[in-house]
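Only one structure is covered here, and it is reproduced in the block below.
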Amino acid sequence: MNVESAENIIQSAHDLIPANFVPIARSNESKGVEFVSISWMGSLSASSEAASLQGRLVNLWRDLHLGPTATSWSDTLDVAIPSSFYVSGFGHRDTQVSLSTVNGQAQVLSHLRDVFEVEPLEDGIEHPAEEIIRQALLDSVDSRVLKWLQEIALDTAQPNLSASVLRCLGRLVRPGTKSWRIGLIRSALGKGDVEIRDAAVQTAESWGGEAVRRVLAAHDEQLPWLRDYIRDVVEDLEK
Amino acid sequence: MASGLHSGCRRGFGEVGMFLARTVTRAKWIPKSEEATGEIPADAVTGDLRTRDNALSFWQCGTGTTRDLENAVLAVAAGRERVDKVEIVWVDDQELRADAQAMVHTDGRTPVTDLVGLHVDVYHLNYVRLGQVASRVVTAFDEGRYCRMTRARVRELLVLAVKEGRLKADDLHWKVRDQIQQG
């Protein structure tokens, strides 16, 4: 989803907001996580107005997610519906409506980044990121989920995150198709960053299989310790 | 090469000494740029040398024989939630003493009963002393005191330990138990 799309959504919501409301805060981040959020402040003189406003926003949300123009999962929007409205006195502004749009892909990436910052991935220890990835794959009917997981796993600009995601994929029971898995390992082995190459070998070790073994055996690794590990894994996979 | 160890586990030492082993992630210790050669990446320290109550956990591994190293790997692997590769580095305890590091035996958290007493805490760590530990880890890498055991080999160690009665399957995490009981 691009920022322009998010802007269009914001405008659609804005059209529903009463005229006496004014925007009070706006955030437009793009650290690899595309989201736009905006809040409005105004006053509502009756609870029925608050209920009506909430209903219109819920309808907007429903149309975005389920309507005929709803886009695929990777463009799914999350619209934050305010859970309560404050009914104010005349002229007193204390009713706030907030709305944010978040790219589903970016949201999962953000979640993964957050959980890895709190707790690094360690050998032998379960990690919350595994469930995030597992759920993302289960929730989506869109094959692009695998594509952008692959993009994250091969991103040399953030090798620690990429290696962690790749290793988590390795902990799943053979996600995607065989060709997808082989392609991911082959691509990761070709990266200049040692963390990603190391993660590729670990993932290959987890997935196993003859095709994986061949990919490992064909790789020409320059680092001696990693080359030794590859040789050991190939030996294990031959058994 | 001593039996039981893959070619990936090189001992690389000659003198008799007492070593202390700790798990590491070798890839974190590789500098990311040529300009940083000889430097220790921050992720290696913050990722691999995470202290708790200003202490780091180690396992005695005697003189670094094959059996000693396998015991250290076993102690670690048996206490985990899943069977995974194990990477260890072993530092010379004389080097740690030369750095005036404080060390004490504490009961290790492992279900392998005969290994519980091999656990050592290096404690009272601070910014300087932690950096010294990191330097000793780098020395260990340079001298070949690093081993990575594949998941298959770790599983073999666990299965053998259960067969020898050193470890009760019921004391393992259920996922580890499942993984070693599978064919």
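Values as computed for the structure displayed
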quantity	calculated
Test item: A:114-123 mean partner chain Cβ contacts at 10 Å	3
Ranking of A:Leu109, A:Leu189 by count of other Cβ atoms within 10 Å, fewest first	A:Leu189, A:Leu109
Neighbour-count order for A:Ser39, A:Ser187, A:Ser164, fewest beta carbons within 10 angstrom listed first	A:Ser187, A:Ser39, A:Ser164
Listed pairs B:Lys32/B:Lys163; A:Lys191/B:Lys168; A:Lys178/B:Lys175; B:Lys85/B:Lys163 exceeding 32 Å between Cα atoms	B:Lys32/B:Lys163; A:Lys191/B:Lys168
Extended-chain gain in nm, criterion 0.36 nm per residue less alpha-carbon gap, B:Glu81 and B:Glu143	19.2 nm
Whole-number percent relative contact order across chain B, with pairs defined as alpha carbons under 8 Å at least 6 apart	29
In Hz, Karplus ³J(HN,Hα) per residue of the range A:206-221 (6.51, -1.76, 1.60; θ = phi - 60°; x = Gly, Pro)	5, 6, x, x, 5, 4, 5, 4, 5, 4, 5, 5, 7, 6, 9, 8
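Any read-out appearing in this document is the output of simple, stated calculations on the displayed coordinates, not a laboratory observation. Predicted model, so just to flag it, every value in this text is computed and none were measured. Note: ideal-geometry Cβ built from the backbone for every residue, glycine included; neighbour counts use all protein chains shown.
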